[in-house]
Each structure stands twice: as structure tokens, then as C-alpha cells.
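Report on the following structure.
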Amino acid sequence: MTHTVDEISMPGSLHGPGSEQFREYAAVRNAVETHTLGTDLLVMAPPEILAEYRDNPHRIRRHVVVREDDRIVGRGMVTLRPHLPENGAYLMVDVLPTRRRRGIGSAILQAVEAIATDAGARILKVAVAHSSTPGGPRLVSPTGYGDVSASDDGVRFLTSHAYALEQIVRISVLDLGRAARSEPIDAGPDDRLLTWVGPTPDEWVDDLAVLRSRMSTDAPTAGMVQAADPWDVARIREHDERISGSGRTMLTAAVEHVPSGALVGFSELICSDAGRVAIQEDTLVLREHRGRRLGTALKGAAAELLRRHAPTTEAVVTWNAEENRPMLDVNEAMGFRAIGYEGAWQRRL
Ligand SMILES: CC(C)(COP(=O)(O)OP(=O)(O)OC[C@H]1O[C@@H](n2cnc3c(N)ncnc32)[C@H](O)[C@@H]1OP(=O)(O)O)[C@@H](O)C(=O)NCCC(=O)NCCS
């Protein structure tokens with residue numbers, strides 16, 4: 001059967017011109033992730049997908065579709081950060097499970113690689129969930145932490161296209177109905193725990209910009225090329241408006257180091273009006289303030305804020321590098337359990 005490969009643009013809204021095509025595109029994204037993980041926990045609602053797939057001042061996203069008989073059966077996405085050219089481009093290729101092994105994935109990859117290299121990317125990266133089939137031949141992470149089934153479709157596809165596995169990221173879920181509530185941790189006399197719901201309060205925007213900037217340098221990235229990614233006040237504001245403008249609410253816990261008056265750690269959850277699941281976004285304690293149980297205190301405080309603010313939320317999902325033992329220790333103690341694994345892949349041109 002013949003297929004066509006086309007670049008598409010994201011519509012201005014969920015109801016105007018192009019919105020039907022966008023919904024079909026979003027449905028392919030959700031169907032492939034649900035098939036890989038064996039759960040629909042990570043399905044995103046169309047308003048959330050549209051908010052994230054449109055360009056913003058710090059991220060350009062370009063989209064490719066493959067159609068058969070006028071139906072979208074595969075999609076590709078390129079993510080570029082023009083302010084960080086040395087980071088290269090992130091690519092994504094999804095083909096509906098019933099249409100695989102007919103060259104569609106390769107056609108999409110060729111199209112998205114061309115978009116990335118035409119934009120100047122010298123490193124092509126992929127972060128993708130793999131099926132968690134146990135046993136059988138394994139591909140082991142070069143970090144020494146974690147492996148994936150060598151017969152997973154994505155693993156076979158990426159290795160056959162010269163991408164190298166660099167890191168395994170564990171996807172874990174906390175079932176709020178079953179997990180014990182975290183005992184609040186008493187912060188020491190120098191540390192004050194704060195929480196807020198929604199956009200970052202004015203008084204903390206500068207401090208949060210420092211913390212978010214440190215995420216790019218302080219979290220383990222294994223062999224993935226990762227340049228320092230600076231945040232400023234305007235970027236925080238754009239980020240916060242994008243979340244609140246798409247049916248989602250940010251719930252933040254932070255620690256103020258009282259003697260200096262500065263924030264030294266934070267943990268952020270995003271819950272969705274549409275969904276049952278909250279997504280764990282960044283958690284960071286600045287290196288110089290580690291070892292005082294602030295990570296545990298922050299995650300416990302954020303979970304309590306979620307239970308109070310969004311009591312119908314059933315679960316929290318988080319992503320952690322498999323070698324990030326300090327963060328996994330905190331999460332395991334709270335009751336998070338692994339539901340799948342992502343591979344971080346890279347191809348240097
Ligand atoms: C990976 C994926 C995009 C491949 O799509 P596809 O249309 O089946 O890809 P192709 O038909 O072009 O396959 C190209 C080559 O990849 C390899 N490959 C892909 N799936 C394979 C499998 N199940 N077993 C063995 N080799 C496989 C083969 O070398 C294949 O060539 P061949 O069929 O001539 O042997 C698809 O399986 C998918 O959407 N998976 C989930 C998302 C994902 O993992 N994306 C990849 C990272 S971006």
C-alpha cells in the first residue's frame with residue numbers, strides 16, 4: 001500500500017482549521033504510548049498535547065505524518081532548542097502497531113532527521129518508552145544501570161539506524177489510594193518548607209530560575225550531550241502560563257534556606273483537570289544543600305499538597321535515571337514502583 005509523508009503544522013486552537021488533523025495526530029501519539037507501556041496512564045488530553053507541541057520561545061517543534069488511505073498511521077516530531085545548538089535535536093517516531101515492519105518508521109525517521117540536520121543539528125537524540133518484556137536477550141545500558149529487551153520494536157529500529165543507547169530511565173507510579181501518607185519531615189532550623197498552587201509567586205521567580213537552570217547540570221545525564229540550559233523570569237512566566245492555559249495545575253513545594261533567604265530546592269507536580277494522574281516534574285536540591293533529607297521533605301510535602309488540592313487524582317508518575325540512587329531511594333520509600341523503562345539514545349553525525 002502506498003503511503004505519503006507530509007509535514008504538518010499545529011492548529012491555532014482545538015476547534016478551528018486543522019484541528020481535526022491535530023486530533024488524529026494526537027490519537028496516534030496516545031495509541032503508541034499505551035501499546036508500548038500496556039497502560040493508558042500516560043495518555044495526554046488534546047489541550048495538553050497542543051500546548052506542548054506548539055512552538056514556544058525556547059522550543060521549536062516540527063511534525064511529520066504518514067498517511068495511508070487518508071488515515072494517519074505514523075507520526076514524527078523534531079524538537080529543537082535554538083538557544084542551545086550544541087544539544088542537537090530530539091526526534092520521535094511513532095507507527096501504529098498494526099502498520100509496522102513495512103518501512104513507514106524508516107520513512108518518518110528519514111524525514112525528521114532531514115529537518116534536524118537542515119536546522120544544523122549535529123547530534124540526534126531520542127527518549128522513548130520501551131516495552132517491559134522480561135527475559136530474552138537484553139541490551140544493557142553503558143552506565144551499568146538497567147537494560148531493555150533487545151527484541152522491543154523501538155530498540156531494534158534504533159539500533160538498526162545507528163543510534164546508541166546511552167541511559168535507562170525508570171518510569172514509576174505511586175498509587176495514591178494504596179500508598180501510606182508520608183510523615184511530614186521536620187526541616188532543620190535553617191530550612192523552611194513552602195508550598196504553592198499555580199504559577200510561581202513573584203517573590204520566588206528569580207530563585208526558581210536559578211533552580212531550574214541547575215536542573216540541566218545537576219541531574220545525571222550519562223553520555224547524553226547536555227549543555228547548561230539557562231532560565232530567566234520571562235521563561236518561567238511563559239512556562240507557567242502554558243501549563244495553566246491548558247487545563248493543568250502546578251503544585252510546588254520548595255525549601256527556603258532561612259539564613260540566606262534563598263530557595264535551595266523544589267519539587268513540582270502537574271495535575272490535569274482531565275486526567276487521573278499527576279506528573280512529577282522537576283525535583284532538585286542544590287548540591288551544597290544535599291544530605292539534610294530535603295529531597296524526602298519536598299516530595300512528601302508535594303504529595304500532601306496534591307492530596308489536598310486534587311483529591312480525585314489517583315496516581316503520580318515520575319521518570320528517574322536508573323543510576324540516580326538518591327532519588328530512587330526517596331521514591332521507593334514513598335511507595336513508587338516501576339511500570340516501564342525509557343531509553344535515552346543518541347547518534348552523533
Ligand atoms: C520503532 C517503530 C517506529 C518502527 O516502525 P516501523 O514502521 O515498523 O519501521 P520500519 O518498518 O521502517 O523498520 C525498519 C527496520 O527497523 C528494524 N525493526 C523494526 N521493528 C523491528 C522488529 N520488531 N524486529 C526486528 N527488527 C525491527 C528492522 O531492521 C527494520 O527493517 P526490516 O523490516 O527491513 O528488517 C515502531 O515500532 C514504533 O512506533 N514503536 C514505538 C515507538 C518507538 O519505539 N519509536 C522509536 C524511537 S523514536
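Laid out as a table, the results:
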| read-out | value |
| --- | --- |
| Pair list, Cβ under 6 Å, 6 or more apart: region 324-349 residue over 13 Å from VAL128 (Cβ atoms) and of a type in the set (Val, Ile, Thr), other residue assigned to a strand (DSSP E or B) and open to solvent by less than 40 Å² (accessible area, probe 1.4 Å) | ILE339/ILE171; ILE339/VAL173 |
| Residues (in a helix (DSSP H, G or I) and open to solvent by 30 Å² or more (accessible area, probe 1.4 Å)) located in region 214-227 | ARG214, MET215, THR217 |
| From the options ILE72, ILE104, ILE108, residue that is more than 9 Å from the ligand (Cβ to nearest atom), open to solvent by less than 20 Å² (accessible area, probe 1.4 Å) and not assigned by TED's automatic domain parsing to the domain that holds TRP231 | ILE72 |
| PRO82 being more than 16 Å from the ligand (Cβ to nearest atom) and surrounded by 17 or more Cβ atoms within 10 Å (Cβ to Cβ) | no |
| Residue check, GLY12 more than 21 Å from LEU96 (Cα to Cα), small (Gly, Ala, Ser) and open to solvent by less than 60 Å² (accessible area, probe 1.4 Å) | no |
| Residue list for region 51-69, restricted to those being outside any strand (DSSP E or B) and touching a strand residue (DSSP E or B) at 6+ places or on another chain (Cβ under 9 Å) | ALA51, GLU52, TYR53, ARG54, ASP55 |
| Residue in region 177-195 that is open to solvent by less than 70 Å² (accessible area, probe 1.4 Å) and within 22 Å of the chain's Cα centre (by Cα) present | no |
| Close pairs (7 angstrom Cβ cut-off, 6 or more residues apart or separate chains): farther than 15 Å from ILE279 by Cα in region 25-44, hydroxyl-bearing (Ser, Thr, Tyr) anywhere | THR36/SER131 |
| Residue satisfying all of: in region 19-47; under 19 Å from VAL78 (Cα atoms) and open to solvent by less than 20 Å² (accessible area, probe 1.4 Å); nearest to the ligand (Cβ to nearest atom) among these | VAL32 |
| Residues within region 85-101 that are more than 6 Å from the ligand (Cβ to nearest atom), in contact with a helix residue (DSSP H, G or I) (Cβ under 7 Å, 6 or more places away or on another chain) and part of a loop (DSSP other than H, G, I, E, B), tallied | 1 |
| Checklist (1) in contact (Cβ under 8 Å) with a residue 60 or more places away in the chain; (2) open to solvent by 30 Å² or more (accessible area, probe 1.4 Å); (3) assigned to a strand (DSSP E or B) applied to THR296, failing item | (3) |
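The values are calculated or read from the model by the stated rules, or taken from the named source; none is laboratory data. Here the structure is a predicted model, which means the values were calculated and not measured. Glycine gets a Cβ as well: all are built from the backbone with ideal geometry, and neighbour counts include every protein chain shown. Accessible surface is based on the protein model in full, side chains and every heavy atom, while ligands, DNA and RNA are left aside. Shrake-Rupley method; radii C 1.70, N 1.55, O 1.52, S 1.80 Å.
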